[in-house]
Amino acid sequence: MGFERLCMILQNKKSTYDTDLFSELINAVSRLSHVKYGIEKESDIAIRVIVDHIRAIAFAIADGQFPSNTGAGYVIRRILRRAVRYGYTYLQLEKPFLHKLIDVLAEQFKDIFPEIDSEKLIIKNLVEQEEKTFLKTLGKGLDLINSLVQALDDNGKELNGLDVFRLYDTYGFPPDLTNLILKEKGLIYNQKEFDLAMTEQKNRSRDSMGTISTDWIVLNSMPIDGFVGYGNTSIHGAQLVKYRKNIKKDKEYYHLVFNQTPFYPESGGQVGDVGFVKKSELNHERDIIKIIDTFYENNLIIHVVPVNGFKEDVFSNKDLILDVNKERRLLIERNHSATHLLHYHLRLLLGLHVEQKGSFVGPEYLRFDFSHTNKIDCQDLNKLEEEINNSISSGLILSEFNDMAISEAKAMGALSLFGEKYKEHVRVIQFGDSIELCGGTHVNNTAQIGFFKIISESSVSSGIRRIEAVTSRGALIFCNDKLNILKQVQNLLKSPDNIVGAVKKMIQQNKELGELGETAKKQQKDLIFQDLDKKKSSHNDFQILTAELNINPSIMKDICFNFINKYNNILLLLSTIYDNKLILNIAISKQLVEARKIDASVIINQITKHINGKGGGQNFFAAASGKNIDGVQKVFSTFEELIKTF
């Protein structure tokens, strides 16, 4: 019987929560929420959950287990967020409140578990920080759950597991918390879909293991406008809002967040921008830092800079200039716009079943994954390439709609990613008849792309194909590399006018030489076999053959099998030197293996010790190699001694 239940019996209470173990905490929650305990069932349950969970949280932290995203720390974080959610939903506690209960616990248990009282400030700070973090997203998360529920069909009872995973991954909603909320509404979610998304996330996390970030250091509270770089690649007067240190694979960086930025963060397949941040007034080389990457995190644009380049006193509360690498951005824009043209012309060529399933857009090349079952043949690839280049040379002008209602966007035929969730207002990119929802950066005119060249077409998985391609400078480099190779082949063949004919002739000649080689090899093997056949000796009722040869190991192996196929009572050991190693083959007629229980693999392991080698095989054939060539005589003498025992 547990301690709480024992108290319930001794105090003659109907519930453990009615005992003095919980009464002080319950009263504290009632005071904070202005909700009286014992009146409403829902609020009573919420209060019980809170007082139960805060005890577990406080004791665990006092014992050294802090909230985190892994292991036992994640359990603490989950139950803390569960308690916050009950307070938020049923007690209208929309500001941090759990940390205020630590004083009650510390006083209650100071003579029994004094660690809570002695570590009270640390525990309160940790709990309050966790509450603040979760409350920032809790309201949004609950709204999203309600939106997902409302989007279900009238008879729908199951939420998409991927949506539940996004709630967990983006807003910190543990699946059991989402499940509890859904259960209250008589709903469930697809567990298999959630597990698949979780597995994929773990695989991604495994690739980036070793990443640790410190807490954000906030320099000011000005609003963050985010990305302002569609029309330009440089802004003046930006302010650093906050920063943190990041350690990734033993390398240190700083993450910077500005109130506004022209740097496009990695998103939608497009890689993040790089460039520089510098003070408006340059007085020293330390007044400029290289930005080496940009990415999204919790709706913030994170700028990555080397750890030795950033000094808070130099960049805080200063007007800053943010400069994107324009040349690199333009290369990315060319590839991104080309990706849209590729998608459009794939659907024209193959059919409307073609849908985007993934992409990568960088400065050097582009990659596009799409739904299609069959390999695209060379003729269709050439046609696809030709049509895309026609669209490029046509000089299609970019039509950009930055804040269009999604219903309006779909009405105009804009393509969207299947399964992707979009806001009520979206950005639409149009080049002629190619219309897509897209947040990335693009060229103003397709003529800026220059030239499009497919470099590969392959299968990614069942029903998914992949095309990799290059444009502009990348296409020029690719074509020049191929032409240089072609020129080298021309020079080697000494046939500049008819390379294909010269190669065909060479292939035919090589085939004829190969046939001659095989004939010569067979003749050599037959001659060696005939010579060795004369050197057999007899032992009891079987034949013995040993010989040191100077031939290719493959020929020696063939000779071994020729002997055991011809004779049903032969045992042979052959050797040759190849690639500075002594090669040994032992072969035994299968009938002899059965009759005498002789095992070639056992014998070879007994004799290879003399050549510092190793080997193995089957009972009728075994092979070995060793570097001590001088031990060959000892090998044969040991073999002969073994034979006498058979």
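The values are calculated or read from the model by the stated rules, or taken from the named source; none is laboratory data. Bear in mind the structure is a predicted one, so any value in this text is a computation, not a measurement. Counting neighbours? That spans all protein chains shown, and the Cβs are built from the backbone with ideal geometry, glycine included. These area figures cover heavy atoms from the full protein model, side chains too; ligands, DNA and RNA do not enter into them. Shrake-Rupley method; radii C 1.70, N 1.55, O 1.52, S 1.80 Å.
Let's see how each residue does on (1) free of Cβ contacts under 8 Å to residues at least 60 places away in the same chain; (2) open to solvent by 40 Å² or more (accessible area, probe 1.4 Å); (3) assigned to a helix (DSSP H, G or I):
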residue	(1), (2), (3)
ASP154	yes, yes, no
LYS192	yes, yes, yes
GLY237	no, no, no
ARG244	yes, no, no
When you go through LEU105, LEU135 one by one, which is the residue that is touching a residue at least 40 places away in the same chain (Cβ under 8 Å), crowded, with 21+ Cβ neighbours inside 10 Å and either part of a helix (DSSP H, G or I) or among the basic types (Lys, Arg) (or both)?
LEU105
Taking the condition of being open to solvent by less than 100 Å² (accessible area, probe 1.4 Å) and charged (D, E, K, R), how many residues in segment 487-506 meet it?
0
Right, PHE113: surrounded by 12 or more Cβ atoms within 10 Å (Cβ to Cβ), free of Cβ contacts under 8 Å to residues at least 12 places away in the same chain, of a type in the set (Phe, Trp, Tyr) and out of contact with any Leu (no Cβ under 8 Å at 6 or more places or on another chain) or not?
no
Can you go through GLU94, GLU119, GLU130 and tell me which one is open to solvent by less than 30 Å² (accessible area, probe 1.4 Å), under 27 Å from ASP215 (Cβ atoms), charged (D, E, K, R) and in contact (Cβ under 8 Å) with a residue 24 or more places away in the chain?
GLU130
Could you check how many residues of segment 60-98 are out of contact with any Leu (no Cβ under 8 Å at 6 or more places or on another chain), part of a helix (DSSP H, G or I) and at negative phi?
11
Could you give me the residue pairs with C-beta distances under 9 Å whose first residue belongs to segment 194-216 and is farther than 30 Å from LEU159 by Cβ and β-branched (Val, Ile, Thr), whose second residue is at pLDDT 70 or above and open to solvent by 70 Å² or more (accessible area, probe 1.4 Å) wherever it lies, and which are 6+ apart or on separate chains?
THR211/LYS248; THR211/LYS249; ILE212/LYS248
Among the residues of segment 335-364, write down those that are open to solvent by 50 Å² or more (accessible area, probe 1.4 Å) and in contact (Cβ under 8 Å) with a residue 60 or more places away in the chain.
TYR344, GLU355, LYS357, PHE360, GLU364
What pairs can you find where one residue is in segment 301-323 and of a type in the set (Ser, Thr, Tyr), the other is not in a strand (DSSP E or B), and their Cβ atoms are less than 9 Å apart, with a gap of 6+ or different chains?
SER316/LEU219; SER316/ASN220; SER316/GLN239
Need pairs with beta-carbon distance below 9 Å; first residue at pLDDT 85 or above and in a strand (DSSP E or B) and within segment 157-172, second of a type outside the set (A, V, I, L, M) and surrounded by fewer than 20 Cβ atoms within 10 Å (Cβ to Cβ); sequence gap 6+ or separate chains.
GLU158/ASN190; LEU159/ASN190
Could you name every one of the helices (runs of 4 or more DSSP H) located completely within segment 507-624 that has at least 2 residues being crowded, with 19+ Cβ neighbours inside 10 Å and not polar (S, T, N, Q)?
553-566, 600-607
Residue count, segment 390-421, condition open to solvent by less than 80 Å² (accessible area, probe 1.4 Å) and closer than 20 Å to GLN356 by Cα, comes to 10
Has segment 216-234 got any residue that is modelled with pLDDT under 80, under 24 Å from PHE295 (Cβ atoms) and surrounded by fewer than 14 Cβ atoms within 10 Å (Cβ to Cβ)?
no
Would you check which residues across segment 637-646 are assigned to a helix (DSSP H, G or I) and open to solvent by less than 80 Å² (accessible area, probe 1.4 Å) and list them?
SER637, THR638, PHE639, LEU642, ILE643
Return yes or no: is LYS634 over 20 Å from LYS521 (Cα atoms), among the basic types (Lys, Arg) and assigned to a strand (DSSP E or B)?
no
Considering every residue within segment 456-476, establish whether at least one is open to solvent by 90 Å² or more (accessible area, probe 1.4 Å) and among the aliphatic types (A, V, I, L, M).
yes
Out of ILE388, ILE397, ILE376, ILE392, which single residue is of a type in the set (Val, Ile, Thr) and in contact with an Asp or Glu (Cβ under 9 Å, 6 or more places away or on another chain)?
ILE376
May I ask you to say which residue of LEU180, LEU144, LEU187 is within 20 Å of ILE76 (Cα to Cα), among the hydrophobic types (A, V, I, L, M, F, W, C) and open to solvent by 10 Å² or more (accessible area, probe 1.4 Å)?
LEU180
